[in-house]
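*Asks:* Provided herewith is a single structure, encoded as structure tokens, for subsequent inquiry.
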Amino acid sequence: MSSLLLHCSGGDSAEQAEYDAVLDKYAEWLVSKRKDGWKVIDIRPGLRKLIAREKAGNPGFRYSGDGVHPGPEGHHMIAREVLAGLVPEIGLAPEVAEKDHRPTPDTMKKHEKVRNEWLVKTGHARPEIPGYDPEMAKRQFPRTVSVWNGFLREEFTVGGRRAFIVFPDKAVVSGKEQLWIWRPQFFDYKPIADLELVKRGYAAVFISMEDLYGSPKAMEVMDQFYRYLVDERKFSGKPVLFGLSRGGLYALNWAEKNPLCVAGVYVDAPVCDFKSWPAGRGKGKGSPDDWNKCLRAYGFNEQQALSYKGNPVDNMRGMAKAGIPLLFISRTEDDVVPIEENTDVFAKRYAKLGGPVKVIRRPGGHHPHGFDNPAHIVDFVLSVTGQPVPLRVACLGDSNTFGAGVAGANKDVLRWSHLLGQELRKKFKRKEIEVLNCGVNGRTLLAKGDLPYIKTGEYRNALNSHAQIAIIALGTNDAKPQNRKFLSEFKQNYAAIIAELRENMPGIQIYCAIPLPSWQSSSQIDKETVETKIIPLVKQVARDNKCETIDFFSPFQNKPELFPDGVHPNADGQVIMADIAFRELLKKQPLIQ
């Protein structure tokens with residue numbers, strides 16, 4: 001018996017390019033299986049043509065409202081391409097696939113009627129669907145145990161709804177209530193922060209509330225689940241809620257309804273007003289299919305919904321009075337859930353009421369959510385649940401920070417950044433101190449240099465590190481002959497890096513490192529250029545931008561033997577650098593302690 005496989009397209013938004021590229025590779029593999037007798041329908045080429053044709057006549061057309069999941073038009077297009085692939089298999093005339101088999105409103109009503117009848121017959125437990133059986137909802141189905149990213153996951157039902165708990169190997173605080181995070185929607189979408197928190201001892205929980213859009217029905221489900229976890233499983237009475245996209249409706253509405261039962265709320269590109277999404281009554285594109293589901297969930301007609309005053313943007317006084325900390329991460333070009341109609345409105349009103357709120361604005365559209373480095377989110381959860389927040393020191397630099405002067409299997413542990421971390425942990429008896437090496441060989445501070453540091457991935461890592469301290473150790477390669485002609489822009493370029501670090505990490509303490517001496521010839525990196533041109537510029541930048549300095553130059557002036565190649569310090573030199581940086585950081589002990 002041969003297999004029939006369908007390969008569907010991802011979203012049509014620019015943010016999905018990487019996602020779509022993966023699917024292209026998968027499609028290529030599937031199509032290659034035809035030679036093994038597999039029957040494969042590749043709907044992507046035809047689907048792309050249909051989307052392009054539709055957009056040509058209607059520039060506002062959206063195949064996918066959220067950039068991933070097809071809307072009603074998208075499903076219709078998929079059906080056409082599937083049918084076109086099936087026609088030769090089942091012996092139908094080719095023109096059958098060309099017909100517009102679009103369902104009528106009557107057909108959709110019949111479909112919903114038949115679906116509901118089937119759900120009643122099978123004994124469903126969905127309160128929002130006709131035929132709800134309360135007795136069925138009370139039944140607890142057998143618990144199952146599985147593994148989620150290496151951690152135990154227990155799945156069960158509460159009120160007839162699928163729920164699960166991911167347990168840490170060891171609780172945050174032994175012998176005390178289990179701390180937990182709660183995602184009411186999209187649990188497995190980019191769970192980078194969730195996984196890191198489970199590693200740190202937090203439980204991660206979920207209960208299915210599909211198509212309830214933060215409605216009063218959803219609040220009842222969440223109330224029941226909360227009581228179960230707190231009363232029966234002895235979890236902490238104050239979880240941290242995570243709300244991604246439409247999950248913002250659930251997280252913010254429940255926190256407002258139960259302000260004394262929440263430690264904090266993290267929301268990412270959140271829906272704060274269903275009139276913005278899915279209704280699409282503002283700048284966003286909206287989602288007609290989701291809007292109809294939303295109306296059903298609330299029991300509203302459209303007029304009632306548009307006059308409703310119970311959205312998060314209208315309803316936050318309880319949270320503000322309780323002082324619940326909020327973290328928003330939103331994108332400035334989001335055309336699905338516009339930041340102006342959601343995050344900005346909510347945050348402004350919340351701050352005016354005295355509520356603590358932090359908004360991190362990122363460039364780009366609705367996807368992807370979160371950060372590749374979850375430190376912002378993890379630190380927020382740690383702080384609102386009373387746990388120590390790690391001290392992070394980001395070391396930005398060139399080959400002397402990367403550690404080019406040391407070699408071998410132990411290279412990583414011989415670098416000055418690693419040695420600095422060891423000294424700090426030993427001095428303050430804290431395990432939660434992270435010194436990040438963001439050095440890259442050969443890089444210049446100058447944006448017009450031959451190899452600009454700002455164009456590296458390590459620079460992006462530093463900006464996203466959520467560090468409290470940054471050490472900028474750049475300037476040596478700017479002394480090269482080919483880069484000296486741009487030194488008039490050195491201060492401006494340096495100040496731009498400082499400003500970007502402060503924009504990404506408000507309150508960060510920045511140290512400008514005075515570059516090491518060099519004993520190379522004037523045709524390379526010579527000591528005179530470093531001493532007379534680069535160092536004065538670094539000191540001036542530090543003064544102008546109110547930064548501290550770390551002097552790596554003076555202690556090495558008479559130690560050329562520590563630079564085997566004339567420019568890179570060896571292992572002994574790395575030890576000295578670590579000690580110099582350590583002593584400078586000690587002057588800011590309150591920040592470290």
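*Asks:* Is it true that Glu232 is touching a Gly at 6+ places or on another chain (Cβ under 6 Å), among the charged types (D, E, K, R) and either surrounded by fewer than 24 Cβ atoms within 10 Å (Cβ to Cβ) or farther than 21 Å from Leu326 by Cα (or both)? Write out each step before concluding.
*Replies:* On the way: touching a Gly at 6+ places or on another chain (Cβ under 6 Å): no; among the charged types (D, E, K, R): yes; either surrounded by fewer than 24 Cβ atoms within 10 Å (Cβ to Cβ) or farther than 21 Å from Leu326 by Cα (or both): yes.
Criteria not met by Glu232.
*Asks:* Any residue that is buried (at least 18 other Cβ atoms within 10 Å of the Cβ) and assigned to a loop (DSSP other than H, G, I, E, B) - is there at least one of those in the stretch 421-442? Give the steps one after another, and end with the answer.
*Replies:* The first filter runs over the stretch 421-442 and keeps only residues buried (at least 18 other Cβ atoms within 10 Å of the Cβ), leaving 421, 423-424, 433, 435-440.
Now restrict to residues that are assigned to a loop (DSSP other than H, G, I, E, B): 440.
Yes.
*Asks:* List the helices (runs of 4 or more DSSP H) that sit entirely inside the stretch 275-363 and contain at least 1 residues that are charged (D, E, K, R) and under 24 Å from His75 (Cβ atoms).
*Replies:* Values: elements: 288-298, 302-306, 317-322, 343-352.
Hits in the stretch 275-363: 288-298, 302-306.
*Asks:* Filtering the stretch 1-54 down to residues that are over 32 Å from the mean Cα position of the chain (by Cα) and hydroxyl-bearing (Ser, Thr, Tyr), which residue is modelled with the lowest pLDDT?
*Replies:* Among them, the one singled out is Ser2.
*Asks:* Any residue in the stretch 343-357 that's buried (at least 21 other Cβ atoms within 10 Å of the Cβ): show its pairings with residues that are among the aromatic types (Phe, Trp, Tyr) and assigned to a helix (DSSP H, G or I) at Cβ separation under 7 Å, as long as the two are six or more apart or on different chains.
*Replies:* Val357/Tyr350
*Asks:* Of everything in the stretch 373-429, what is at pLDDT below 90, within 30 Å of Val538 (Cβ to Cβ) and of a type in the set (S, T, N, Q)? Give them in sequence order.
*Replies:* Answer for the stretch 373-429, where residues must be at pLDDT below 90, within 30 Å of Val538 (Cβ to Cβ) and of a type in the set (S, T, N, Q): just Asn373.
*Asks:* Take the residues of the stretch 453-479 that are without any contact (Cβ under 8 Å) to a residue 60 or more places away in the chain and open to solvent by 10 Å² or more (accessible area, probe 1.4 Å): which is nearest to the chain's Cα centre (by Cα)? Don't jump to the end; show me each part of the working.
*Replies:* First pass over the stretch 453-479, keeping only residues without any contact (Cβ under 8 Å) to a residue 60 or more places away in the chain: 453-457, 460, 463, 478-479.
This time we only want the ones that are open to solvent by 10 Å² or more (accessible area, probe 1.4 Å), so: 454-457, 460.
Values: Ile454: 22, Lys455: 21, Thr456: 20, Gly457: 17, Arg460: 14 Å.
Ranking the candidates gives Arg460 first.
*Asks:* Turning to a different aspect of this structure: I'd like the full set of residues that are part of a loop (DSSP other than H, G, I, E, B) and in contact with a Leu (Cβ under 7 Å, 6 or more places away or on another chain), limited to the stretch 521-562. Even if it seems obvious, please write down each step before you answer.
*Replies:* Restricting attention to the stretch 521-562, the residues satisfying the condition of being part of a loop (DSSP other than H, G, I, E, B) are 521-525, 545-547, 552-553, 557-559.
Of everything in the stretch 521-562, those that are part of a loop (DSSP other than H, G, I, E, B) and in contact with a Leu (Cβ under 7 Å, 6 or more places away or on another chain) turn out to be Phe552, Phe553.
*Asks:* Among the residues of the stretch 319-334, how many are surrounded by 15 or more Cβ atoms within 10 Å (Cβ to Cβ) and either among the acidic types (Asp, Glu) or touching a residue at least 60 places away in the same chain (Cβ under 8 Å) (or both)? Write out each step before concluding.
*Replies:* Keep residues of the stretch 319-334 that are surrounded by 15 or more Cβ atoms within 10 Å (Cβ to Cβ), which gives 319-320, 322, 324-331, 334.
Next, from what is left, pick out any that are either among the acidic types (Asp, Glu) or touching a residue at least 60 places away in the same chain (Cβ under 8 Å) (or both): 319, 322, 324-331, 334.
Matching residues across the stretch 319-334 total 11.
*Asks:* Regarding the stretch 67-75, can at least one residue be identified that is out of contact with any strand residue (DSSP E or B) (no Cβ under 6 Å at 6 or more places or on another chain), loosely packed, with under 12 Cβ neighbours inside 10 Å, at pLDDT 70 or above and of a type outside the set (A, V, I, L, M, F, W, C)?
*Replies:* no
For (1) open to solvent by 40 Å² or more (accessible area, probe 1.4 Å); (2) under 16 Å from Val240 (Cβ atoms); (3) modelled with pLDDT under 95, each residue gets a yes or a no:
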| site | (1), (2), (3) |
| --- | --- |
| Asp188 | yes, no, yes |
| Ala193 | no, yes, yes |
| Arg200 | yes, yes, yes |
| Val221 | no, no, yes |
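*Asks:* For the stretch 145-168, which residues satisfy the criterion of being aromatic (Phe, Trp, Tyr) and assigned to a loop (DSSP other than H, G, I, E, B)?
*Replies:* Start the filter on the stretch 145-168 by keeping residues that are aromatic (Phe, Trp, Tyr), which leaves 148, 151, 156, 164, 167.
Matches in the stretch 145-168: Phe167 only.
*Asks:* Given the residues Ala351, Ala347, Ala375, which is the only one that is in contact with a Phe, Trp or Tyr (Cβ under 7 Å, 6 or more places away or on another chain) and small (Gly, Ala, Ser)? Talk me through it step by step, then tell me what you get.
*Replies:* Working: Ala351 fails: in contact with a Phe, Trp or Tyr (Cβ under 7 Å, 6 or more places away or on another chain); Ala375 fails: in contact with a Phe, Trp or Tyr (Cβ under 7 Å, 6 or more places away or on another chain).
Among Ala351, Ala347, Ala375, only Ala347 is in contact with a Phe, Trp or Tyr (Cβ under 7 Å, 6 or more places away or on another chain) and small (Gly, Ala, Ser).
*Asks:* Name the residues in the stretch 342-372 that are at pLDDT 95 or above and aromatic (Phe, Trp, Tyr), would you?
*Replies:* Across the stretch 342-372, the qualifying residues are Phe346, Tyr350.
*Asks:* What helices (runs of 4 or more DSSP H), lying completely within the stretch 174-271, carry at least 3 residues that are touching a residue at least 40 places away in the same chain (Cβ under 8 Å) and touching a Leu at 6+ places or on another chain (Cβ under 8 Å)? Give the steps one after another, and end with the answer.
*Replies:* Details: elements: 192-199, 216-227, 247-257.
Correct list: 247-257.
*Asks:* A follow-up question, please. Among the residues of the stretch 480-532 satisfying the criterion of being in contact (Cβ under 8 Å) with a residue 24 or more places away in the chain and acidic (Asp, Glu), which is farthest from Ser330 (Cα to Cα)?
*Replies:* Among those that are in contact (Cβ under 8 Å) with a residue 24 or more places away in the chain and acidic (Asp, Glu), it is Asp526.
*Asks:* Of the residues that sit in the stretch 209-219 and are of a type outside the set (Lys, Arg) and open to solvent by 30 Å² or more (accessible area, probe 1.4 Å), which one is farthest from Gly247 (Cα to Cα)? Full working, then the answer.
*Replies:* The initial filter retains those residues of the stretch 209-219 that are of a type outside the set (Lys, Arg), namely 209-216, 218-219.
So of that shortlist, the ones also open to solvent by 30 Å² or more (accessible area, probe 1.4 Å) come out as 210-211, 216.
Details: Glu210: 11, Asp211: 11, Pro216: 14 Å.
Top of the filtered list is Pro216.
*Asks:* Restricting the search to the stretch 407-452, which residues are polar (S, T, N, Q) and either within 25 Å of Ala375 (Cβ to Cβ) or in contact (Cβ under 8 Å) with a residue 12 or more places away in the chain (or both)?
*Replies:* Correct list: Ser417, Gln422, Asn437, Asn441, Thr444.
The values are calculated or read from the model by the stated rules, or taken from the named source; none is laboratory data. None of the values given here were measured: they were computed from a predicted structure. Cβ coordinates were reconstructed from backbone atoms using ideal geometry, including for glycine residues, and neighbour counts include every protein chain displayed. These area figures cover heavy atoms from the full protein model, side chains too; ligands, DNA and RNA do not enter into them. Shrake-Rupley method; radii C 1.70, N 1.55, O 1.52, S 1.80 Å.
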